[in-house]
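Visitor: Let me give you the structure first, and then I'll get to my questions.
The values are calculated or read from the model by the stated rules, or taken from the named source; none is laboratory data. Here the structure is a predicted model, which means the values were calculated and not measured. Methodologically, a virtual Cβ is constructed for each residue, glycine included, from the backbone with ideal geometry; neighbour enumeration extends over all protein chains shown. Heavy atoms of the whole protein, side chains included, go into the accessibility calculation; ligands, DNA and RNA do not. Shrake-Rupley method; radii C 1.70, N 1.55, O 1.52, S 1.80 Å.
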Amino acid sequence: MLRQKICRRQFGLSLAATLAAGPLARAQASDAPRTLRVGLITPPPHNWTRSAAAFGEALAEATDGRLSLSIFPSGQLGNESQMLQLLQIGALDFGFFTTSQFANRLNAFAAFYTPYVATDATHAAAVLQAPVTRDILADVERIGLHGLGFGMAGMRQIVSSRQVDIIRDLKGLKTRVVPDAPLTDFWRLVGAAPSPIPLSSLYDAFANGQIDAMHIDFENTLRLKFYAHARDVLHTDHMIFPMVAVASRRSWQSFSTADQGLIKSLLDKELAALRGLYADADLQFRDELITLGANVKRFEAGWMAEAAEAWEERWAPRTPFIAALKAAAEGLRTGEAT
Ligand code: BEZ
């Protein structure tokens, strides 16, 4: 049971009050009780939302209720682009985001789309702790945010309503992508027809045939029942999927140094737990799908190698972080420090 407050629809009023009060009025004495707002697109049962709830409970406990958290899941405050704007003006305190909106604004984040950069969820969790990821995260300061750390979701797979055996079977398939440039480019290079669709609209789009396939993970395939309309579930592990925990820079600067340290250490613990969770959970979700009758097919690393190479040729000149992240991942795989 989540004891943390997960909000339903009352944000309109409090947002209006916040904006009317202005930023100075928001800077409160450090011992005044304060309810902080976190927005996410994931629904309440998703691990990201649970992680936010656990962070809120730990924060309330450590401060005897002085700092508490209101959680706005399922995109209640809008999509990630809209939530990013709320963070920039200080009307939202924290966000647990996909990399999508960052990749559209900051080239460094394209590194996280490097195909086959990690072999599985365990490797991905380690890659997201590599020192180079701290430099990538620091880039969010340029857009009025403060980076707090990385969680993750499971590795990316493909769910298709058509039979897929060879790479050519993906050609021309209307394939759902998360809306950002590096990912859209990858799917074009595969030969598919990428179509940006948010998680919340994905079930209907797949069920009514608006899309033929999707770039997704085992967890959502199971929890949101995409498998019910799938011919094939392709276990490809072709990309990692970080969760980016950010604070509004305005909001962050209003905390005392002690509170900043406390928030960071409590959140670090939750993010580590989230990264650790997928090492086991990713394959458990896959096994549950198989038990439910999903036609899960394994495609070894490199199945989409041609598109992966073409993607790197196109994107590596835009940011040195692609080479840096690849080197860090390779070092972790072979046990060599980079
Ligand atoms: C997705 O849009 O695919 C997604 C978003 C958040 C968590 C996991 C997946």
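Visitor: For region 35-135, which chymotrypsin sites (Phe, Trp or Tyr not before Pro) are both in a DSSP coil and crowded by at most 11 other Cβ atoms within 10 Å?
Guide: Details: sites: Trp48, Phe55, Phe94, Phe96, Phe97, Phe102, Phe109, Phe112, Tyr113, Tyr116; in loops: Tyr116.
When the chymotrypsin sites (Phe, Trp or Tyr not before Pro) of region 35-135 are filtered for loop state and at most 11 Cβ neighbours within 10 Å, nothing remains.
Visitor: Once the Cβ-Cβ distance between Thr257 and Ala323 is put in as r, and R0 is 41 Å, what FRET efficiency do you end up with, to the nearest 0.05? Mind showing how you got there, number by number?
Guide: Working: r = 36 Å, r/R0 = 0.87.
In this case the efficiency is close to 0.70.
Visitor: I would also like to ask the following. Out of the total accessible area of region 173-273 (probe 1.4 Å, heavy atoms of protein only), what percent is carbon and sulfur?
Guide: Taking all protein chains in place, region 173-273 shows 52 percent carbon and sulfur surface.
Visitor: Give, as a single signed number, the net charge of other residues whose beta carbon lies under 11 Å from the beta carbon of Pro194, with Lys and Arg counted +1 and Asp and Glu -1. Could the numbers behind the result be given before it?
Guide: Values: positive: Lys174, Arg176, Arg188; negative: Asp180, Asp185.
Spelling it out: positives minus negatives among the neighbours equals +1.
Visitor: 5 Å is the cut-off here: which amide hydrogens, built 1.01 Å from N in the peptide plane, fall below it relative to Asp217, excluding neighbours closer than 5 in sequence?
Guide: So Asp217 has HN proximity to Gln157.
Visitor: Based solely on C-alpha atoms, express the radius of gyration and the Dmax of region 2-334 in angstrom.
Guide: When restricted to Cα atoms, region 2-334 yields Rg and Dmax of 19.9, 62 Å.
Visitor: Which pairs in the list Lys225/Lys297; Lys225/Lys326; Lys225/Lys269; Lys171/Lys225; Lys174/Lys297 are over 27 Å apart, alpha-carbon to alpha-carbon? Intermediate results must be reported in sequence, preceding the final value.
Guide: Values: Lys225/Lys297 18 Å; Lys225/Lys326 33 Å; Lys225/Lys269 30 Å; Lys171/Lys225 25 Å; Lys174/Lys297 20 Å.
Lys225/Lys326; Lys225/Lys269, as the Cα separations exceed 27 Å there.
Visitor: Hey, another quick one. Check which residues have an amide H placed less than 5 Å from Ala153's amide H, if you skip close sequence neighbours.
Guide: Residues meeting the amide H criterion: Phe241, Met243.
Visitor: So if each residue of separation counts as 0.36 nm, and I subtract the Cα-Cα distance between Arg168 and Ala193, what length gain in nm does that give?
Guide: Details: separation 25, 0.36 × 25 = 9.00 nm, distance 1.28 nm.
Gain on extension, Arg168 to Ala193, equals 7.7 nm.
Visitor: Whole angstrom only: what separates the Cα centroid of region 60-114 from the Cα centroid of region 133-171?
Guide: After rounding, the separation between the Cα centres reads 16 Å.
Visitor: Then there's this: Sticking with the crude label model, points 7 Å out along Cα→Cβ, report the distance from Asp120 to Glu309 in nm, one decimal please.
Guide: 2.7
Visitor: Another question, then. Please report the antiparallel percentage of DSSP beta bridges with both residues in the chain, rounded to the nearest 5. Walk me through the numbers before you get to the answer.
Guide: Values: 18 of 37 bridges.
Just about 50 percent of them are antiparallel.
Visitor: Can you compute the helix-only [θ] at 222 nm over the chain? Use -39500 (n - 2.57) per DSSP H run of at least 4 residues, normalise by all residues, nearest 500 deg cm²/dmol.
Guide: On the way: 13 runs with 151 residues, N = 338.
Here the helix-only value at 222 nm equals -13500 deg cm²/dmol.
Visitor: Give me the angle, in degrees from 0 to 90, between the Cα long axis of helix 257-291 and the longest principal axis of the Cα atoms of the chain, rounded to the nearest 10.
Guide: Taking the Cα atoms of the chain, the angle to 257-291 is about 30 degrees.
Visitor: Net charge within 14 Å of Asp169 by Cβ-Cβ distance, Lys/Arg positive one each and Asp/Glu negative one each, not counting Asp169 itself? Walk me through the intermediate numbers first.
Guide: On the way: positive: Arg162, Arg168, Lys171, Lys174, Arg231, Lys297; negative: Asp165, Asp212, Asp232.
Overall, the nearby charge balance is +3.
Visitor: As an exercise, use a Förster radius of 51 Å and the Cβ-Cβ distance of Ala316 and Arg66 to find the FRET efficiency, rounded to the nearest 0.05. Could you put the intermediate results ahead of the total?
Guide: Numbers: r = 47 Å, r/R0 = 0.92.
Efficiency, rounded to the nearest 0.05: 0.60.
Visitor: Among the lysines, which have Cα under 24 Å from the Cα of Lys264 when same-chain residues fewer than 8 positions away are ignored?
Guide: Filter leaves Lys5.
Visitor: Right, next: Choose one answer from Asp64, Asp237, Asp217: the residue with the largest mean-square fluctuation in a GNM of the chain with alpha-carbon springs under 10 Å.
Guide: Result: Asp64 has the largest fluctuation of those listed.
Visitor: Considering only the other residues whose Cβ falls under 12 Å of the Cβ of Gly151, what net charge follows from Lys and Arg at +1 and Asp and Glu at -1? Show your work: numbers first, answer last.
Guide: Values: positive: Arg50, Lys269, Arg275; negative: Asp268, Glu270.
Net charge in that neighbourhood comes out at +1.
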